[in-house]
Amino acid sequence: MNLTGKNNVETNDYSYLNADELRAALLQKDTDLEAKNSDLEAKDAIISHVNAQLTQVTANRDKYKTIADELLRLAKVQRFTASSEKSAYQIDLFDEAELDAAIEDLRDQVADTDKTDHQNKPKSAHKTRQRGFAASLKRIRHELCLSEQEKVGASKTFFTKIKEELEYIPAQLNVIEIWQEKAVFKQGPEEHLVAAKRPVHPLGKCTASSSLLAHIITSKYTDGLPLYRLDGMLKRLGHDIGRSNMANWIVRLDDVFKPLINLMREQQNTGNYIQADETRIQVLKETGKTVQSNKWMWVTRGGPPDQATVLFEYDPSRAGKVITQLVNDFSGILQTDGYAGYARLCEENHIQRIGFRVDEDVTALTPHRPGRAQLTHPVLHNYCFTS
């Protein structure tokens, strides 16, 4: 039975077939049509499923982008606008937990779609989540025990660890009463008094212990907590210390720490490699300066490789004389950005100056404003400045 013509193209001419052949050809054609319809239905189902997945992935990406754009906008506002707690964006603090949770969920959902993009990257480029808790943490064992009645008839009992939880013990304020023992010695008609030696306090007569002073400094300059917030936190613990008292203690500690800072500066300048940068900050109520005018925080990082330090120095000026005073006896390699204020120092002290070349694959943490989060700056290679 011949049903095709030239080039194997199917023909609709059945005039030369008898009844049986025609019946068989029609049955065969119906069978082929059913098979093609089944294939088309299967393909339509697959296409519909793929389209649904693509629609969901696109929606997730749009949602993730919206959240990321909002976080980027808030970060720019917090970094570049005038610093003030009385900000129109302060209400966004209440959304922080929801935003972070939403971003984490979206990252998990879209991870599979980006799998092919990450397969070519080395394993070191991927962040791995920490499993378990740090070995340095103190372990406290809590045992869930069976009652004596429940253990009746048992051949033996044993314990299995079912989970680990991270416990937080809230801070507390204690009043340390310092009692000084004194002895009285009689020397003829007179009496001689001997008192136990008092411990040295950084601020002399001060109602704050050294541990409280350390907590205030760390909270303000490392964690970025304003004094009024810290005052409220301490008030909830049982005592109203007062912002003015804490501010006064911090100012007085400047003279206490000055010898240590000078020693750290000398130690830093003994190394052969220093990083330097200057950044704008806002300073309130400075004589001869408006609130919106530029003031500068200079930061240097360096020293011996095993004793590297990061030092901040405030100065209302951005002139090159500031960095000259900070590294006046340094001889080595100075790594900075392209600001021309470093050129004179390097020329007069014969210091080799290097900079950064930007790349998207390698990041290095650069110290920024005290009390602010460290920002990630992309850096790949150093290059020498040329005049």
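The values are calculated or read from the model by the stated rules, or taken from the named source; none is laboratory data. Computed from a predicted structure; not experimentally measured. Backbone-built Cβ (ideal geometry, glycine too); neighbour counts: all protein chains shown.
Provide a single number: the residues in the stretch 205-222 that are of a type outside the set (S, T, N, Q), modelled with pLDDT of 90 or more and either in the same structural domain as Leu284 (by TED's automatic domain parsing) or not in a helix (DSSP H, G or I) (or both). Lay out the reasoning, then the answer.
Step one: of the stretch 205-222, the residues of a type outside the set (S, T, N, Q) are 205-206, 208, 212-217, 220-221.
Right, trim to modelled with pLDDT of 90 or more and you get 206, 208, 212-217, 220.
Still in the list and also either in the same structural domain as Leu284 (by TED's automatic domain parsing) or not in a helix (DSSP H, G or I) (or both): 206, 208.
Total satisfying the criteria: 2.
Taking the stretch 18-73 on its own, how many of its residues are surrounded by fewer than 12 Cβ atoms within 10 Å (Cβ to Cβ), under 60 Å from the mean Cα position of the chain (by Cα) and acidic (Asp, Glu)?
5
Can you find a residue in the stretch 342-354 that is touching an Asp or Glu at 6+ places or on another chain (Cβ under 8 Å) and either at pLDDT 85 or above or over 26 Å from Thr222 (Cβ atoms) (or both)? Explain how you work it out, then say what you get.
Of the stretch 342-354, the ones touching an Asp or Glu at 6+ places or on another chain (Cβ under 8 Å) are none.
No; the residues of the stretch 342-354 include none that is touching an Asp or Glu at 6+ places or on another chain (Cβ under 8 Å) and either at pLDDT 85 or above or over 26 Å from Thr222 (Cβ atoms) (or both).
Checking Ile169 against (1) within 30 Å of Leu230 (Cα to Cα); (2) over 37 Å from the mean Cα position of the chain (by Cα), only one condition comes out false. Which one?
(2)
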